[in-house]
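Notes to accompany the following structure.
The values are calculated or read from the model by the stated rules, or taken from the named source; none is laboratory data. Since this is a predicted model, take the numbers as computed values, not measurements. Cβ: placed from backbone, ideal geometry, glycine included. Neighbour counts: every protein chain shown. The accessibility values were calculated without ligands, DNA or RNA, using every heavy atom of the protein model including side chains. Shrake-Rupley method; radii C 1.70, N 1.55, O 1.52, S 1.80 Å.
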Amino acid sequence: MTTEGQTRAGRRGPSRTLVLPETLTVKQLSELVDQSPVDVIKQLMRNGIMVSMNQMIDHEVASLVTAAYGIRTRVAEAVAETGSLNSSDGMIEDEASFVSRPPVVTILGHVDHGKTSLLDSIRNAHVADREVGGITQHIGAYQVEYSGQRITFLDTPGHEAFTSIRSRGARVTDIAVLVVAADDGIMPQTEEAIDHAKAAEVPIVVAINKMDLPGADPERVKRQLSQHNLLVEDWGGDIISVPVSARTGDGIDELLENLLIVAEISELKANPSRSASGVVIEAKLDRKRGPMATVLVQSGTLGVGDFVIAGTAWGRVKAINNDRGRAVKGVLPGEPAELLGFGSLPEAGDLMAVMPNERTVRGLAHDRERAKSSQQSQVRALTLEEVVKQIDAGDIKELNLVLKADVQGSVEAVRQSLERLTEAEARVRILHAGSGNVTESDVLLASASEAIIVGFAVGNEIGVERVAERMGVEIRHYSIIYQMIDDVEQALHGMLEPTFTDIVLGEAEVREIFPARRNVKIAGCRVTNGRIPRGSAIRILRDGELLEETSIASLRHFRDEVNEITNGMDCGILLEDYNDFEIGDILQAHRQERSQR
Ligand code: GDP
């Protein structure tokens, strides 16, 4: 029962910390954190930073990666002062700086099984700040106190929110509470929640809720849990289950007590005496006060006056409020708080970090902004072919899959055939298998765990393709089981060859030519069919003949940079390194798509 973060920290010794040099290469960082360079590059991409393996990054950027892996770091001060570079190895931080921190708990489970009621019941009985006048504020997370210890609860229950934050590269939850209504038993979303928690490698505590109802049957729930490989203690396993009633409050104390036990086993520690880092849980725009962000501090102490960055949003902390609406001066690891001072709205799941001064924070925000605009439409999907390359290179040993099939019978049949395909090089790990169309929740899970979705005789729910494209998740549909098995088997052997088809997205005709700068021209165009997305590959055709291939550097509608121009609309196109177009030329946007079998 450990989170991945703890496992890694454990490998380095539970109370040790990586001391980062002022600057280092991506490859050096990957060695320090014991991850493949590809993984580290992906983590950086999630933060809007595009780098190659041998590129230098500074320790602040590096700490975004280490935070995502749950590894504590600090900068080597001597190195930072002299500016010298000796980064072949990390150093170890004094273990005396580490203190226990509160566990962060998320509540998961099927709709109507009582997740919200349970969160309310816990909050009402055990709020951390009992002083008169403190009014509970809904800031996205709250803390309770039990037996003199604190527990942090995330206020947005459900596996979608849980996995969505994880898919942004952040690791927030230490313990998942799986709520199962005692009268209803395990339902489809309970199964999904179990799979999402398992994929995140987070310990699970089961709350068997609605025990006050006459139809409550906790034994049936335990039996059903065992069918999902969750063996509760009185079934000989190590999963803690607690009968509760969110309505009467029965069992809530036992639940909190058990959460503290799991937290203790997990040895959750953090160093409060370094500059803070954490994760944005929620953000909203207050009409009077401006952007307000709830952050969960994971390491260090956050204080008023600190320069903070999260995604591309940055600012200086003007005020901090706790979950009781009180102004506080500092926030410790494991604590949530609402910050005032960001110049724009960060997004939930963004990693937050404190920087030493305005110059650094502004510079990093600027770099991220630039990286974001040049890469926006080019999220690279993790494809089966890419997995093959990584297996070949020995970078990964597991092929993570999310499996969807038309009926429960075929789910089981396909799952068994796939799981049998374990090879010496790699094995198949099915994170979630279910019946029905591919959903957004499947895509989130695949994105958070770098999995590929395989569908047998199913389709995608509306809107899913766009989400998958945006998040860089590959969905492969099959109508013949044999072909699916064959592809996965070949992938494991490292033999799958991709086949590509060229897809024309749209065409625009050049109608006017404007000078932009010296030797640079803008093509004033009208889209004559389809759509022209920003950043797409372009063929320049004159009288039906291919003249040149390039891509779009900038796409404008009047003065505004836009993501896409559709049929019938006018736009200004700046091409990458090409200015010799003439009126009447056709700019054809296209992309390469892998052919499905
Ligand atoms: P959620 O969808 O999982 O967040 O579920 P809610 O917390 O909204 O609860 C769904 C319904 O179950 C509501 O009508 C609650 O009043 C009811 N409920 C929740 N917990 C209990 C409980 O312990 N006992 C009983 N009898 N009803 C409960």
(request) Just report the Cα centroid separation between region 512-535 and region 466-488, whole Å. (result) 35
(request) Choose one of ILE122, LEU418, ASN519: the residue whose Cα lies farthest towards the positive end of the charge dipole of the chain (beta-carbon charges +1 Lys, Arg; -1 Asp, Glu; about the Cα centre). (result) ASN519
(message) Less than 16 Å apart at the alpha-carbon level, and either on another chain or at least 8 residues along: which aspartates and glutamates does that give for LYS198?
(response) GLU4, GLU160, ASP174, ASP238, GLU398, ASP442, GLU450
(request) Starting from the amide H of LEU20, placed 1.01 Å from N in the peptide plane, find each other amide H under 5 Å away whose residue is 5 or more places distant or on another chain. (result) ARG74, VAL75, ALA76
(request) For an R0 of 30 angstrom, estimate the FRET efficiency from the Cβ-Cβ distance between ASP577 and GLN55 and round to the nearest 0.05. (result) 0.85
(request) Enumerate by residue number the trypsin sites (Lys or Arg not before Pro) in region 400-452 meeting two conditions: DSSP loop (anything except H, G, I, E, B), and at most 11 other Cβ atoms within 10 Å of the site's Cβ. (result) ARG420
(message) Taking only Cα atoms of the chain, what ratio of Rg to Rh do you get with Rh as the Kirkwood inverse-distance radius?
(response) 0.99
(request) Give the peptides 522-529, 173-180 in descending order of average Cβ contacts within 10 Å, highest first. (result) 173-180, 522-529
(request) Can you sort LEU119, LEU547 by 1.4 Å-probe accessible area, starting with the largest? (result) LEU547, LEU119
(request) Give, to the nearest whole percent, the P(r) tail of region 504-590 beyond 18 angstrom, counting all Cα pairs. (result) 30
(request) Report the label-to-label distance for HIS138 and GLU512 in nanometres (one decimal), using points 7 Å from each Cα along the Cα→Cβ vector. (result) 5.0
(message) Let me check against my output: what whole-number percent is the relative contact order of region 180-303, with C-alpha pairs under 8 Å and at least 6 apart?
(response) 19
(request) Report the FRET efficiency, 1/(1 + (r/R0)^6), for GLU369 and SER100, where r is their Cβ-Cβ distance and R0 is 41 Å, rounded to 0.05. (result) 0.60
(message) Restricting to DSSP loop positions (anything but H, G, I, E, B) with no more than 10 other Cβ atoms inside 10 Å of their own Cβ, which GluC sites (Glu not before Pro) remain in region 424-475?
(response) none
(request) At a Cα cut-off below 19 Å, give the aspartates and glutamates reachable from LYS288, other chains included and same-chain residues fewer than 8 away excluded. (result) GLU338
(message) Given a 1.4 Å probe and heavy atoms of the protein chains only, how would you sort LYS397, LYS284, largest accessible area at the top?
(response) LYS397, LYS284
(request) Please report the relative contact order for region 241-359, taking Cα pairs under 8 Å with a sequence separation of at least 6, and give it as a percent rounded to a whole number. (result) 28
(request) Could you calculate the contour length gain from VAL520 to SER117, that is, 0.36 nm times the residue separation minus the distance between their Cα atoms, to one decimal place in nm? (result) 138.9 nm
(request) Would you calculate, for the chain, the mean residue ellipticity at 222 nm contributed by helices, counting each DSSP H stretch of 4 or more residues as -39,500 (n - 2.57) and dividing by all residues, to the nearest 500? (result) -8500 deg cm²/dmol
(message) Please list, ordered by chain and number, the residues whose modelled amide H lies under 5 Å from the amide H of TYR146; skip anything fewer than 5 residues away on the same chain.
(response) ILE151
(request) Provide the FRET efficiency to the nearest 0.05 for the ASN124-ASP250 pair, computing r from the beta carbons and using R0 = 22 Å. (result) 0.95
(request) In nm, give the distance between the simple-model label positions of ASP502 and ARG362, each being 7 Å from the Cα along the Cα-to-Cβ direction. (result) 4.7
(request) Note down the accessible area of THR163, probe 1.4 Å, to the nearest 10 Å². (result) 0
(request) Run the dipole for the chain about the Cα centre, Lys and Arg Cβ at +1, Asp and Glu Cβ at -1, nothing else charged, and hand back the magnitude in debye, nearest 20. (result) 1620
(message) Need one number: nm distance between label points at ASP486 and GLU419, each 7 Å from Cα along Cα→Cβ, rounded to one decimal.
(response) 2.5
(message) Out of all Cα-Cα pairs in region 290-343, roughly what percent, to the nearest whole number, are more than 13 Å apart?
(response) 52
(message) Based on Cα coordinates alone, diagonalise the gyration tensor for region 552-591, multiply each eigenvalue by 5, take square roots, and list the semi-axes in whole Å, largest first.
(response) 16, 13, 11
(message) Would you calculate the convex hull of the Cα atoms in region 139-267 and tell me its volume per residue in Å³?
(response) 115
(request) Could you state the orientation-averaged shadow area of the convex hull built on the Cα atoms of region 307-373, in nm² to one decimal? (result) 4.8
(request) Please give every one of the aspartates and glutamates within straight-line cross-link reach of LYS115, meaning a C-alpha to C-alpha distance under 12 Å, and leave out same-chain neighbours fewer than 8 residues apart. (result) ASP155
(message) Could you work out how much longer the chain between LEU231 and SER273 gets when fully extended? Use 0.36 nm per residue separation minus the Cα distance between them, nm to one decimal.
(response) 11.1 nm
(message) Suppose a student asked you for the relative contact order of the chain, using Cα pairs under 8 Å spaced at least 6 residues apart; what percent would you report?
(response) 10
